Amino acid sequence: MTSPDLPSIPPPPPSGAYAVPVGGYTAPPGSAPAPFAPPAPSKTLGALALVAAFLAAVVAPIIGASLAFVIGTVVPATALDVDTTFTDDLALLSPARMHVLWAEITFWAATVVGVAAIVIGIIAGVTRRGRGMGIAAIVIAAVGPVFFFVGVAILFGIGTAVGTL
């Protein structure tokens, strides 16, 4: 029986087992030290690519689609005065010219940010500075134009329907 005041003594190793020195194993004399492991690279570049892809594929389509809705509400009122020769197609958009301008600025800004997200995502993936986030940024930025055009087309159509009421 052991007393609660005395620490328990570990059993002796089995016969034939190697005993480990108290301080651990030491390197043999004349050997080189273990190589220095560099710190893990920062994942900031991958995160930056992911944020840029989010801006290009989510925020810009929301802004563009909301502008397309406003443009759609204005277009039907002016379409009644236009003849069917289609010589002045862009004249339909003149009442909403500021919204059209902002929609175009949004499109081109999203294009620049999306291309930057793809490039930064490639660099992040190759240099292992946020590889997973870089790959996600490439995929998200690549499908961003689809989100933009689908959102703009749907809300332009809804705006046109609302504008004719």
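The values are calculated or read from the model by the stated rules, or taken from the named source; none is laboratory data. The shown structure was predicted, so the numbers you read here are calculated from the model rather than taken from an experiment. Neighbour counts are summed over all protein chains in view; Cβ atoms, including those assigned to glycine, are modelled from backbone coordinates with ideal geometry. Note: accessible area is taken over every heavy atom of the protein model, side chains too, but ligands, DNA and RNA are not part of it. Shrake-Rupley method; radii C 1.70, N 1.55, O 1.52, S 1.80 Å.
Just a few scattered comments:
- When restricted to residues that are in contact (Cβ under 8 Å) with a residue 40 or more places away in the chain and more than 13 Å from residue 57 (Cβ to Cβ), the range 126-141 contains 8.
- The range 28-70: number of residues that are among the small types (Gly, Ala, Ser) and either modelled with pLDDT of 95 or more or surrounded by 14 or more Cβ atoms within 10 Å (Cβ to Cβ) (or both): 12
- Residue in the range 93-103 that is over 26 Å from residue 46 (Cβ atoms), open to solvent by 80 Å² or more (accessible area, probe 1.4 Å) and among the hydroxyl-bearing types (Ser, Thr, Tyr) present: no
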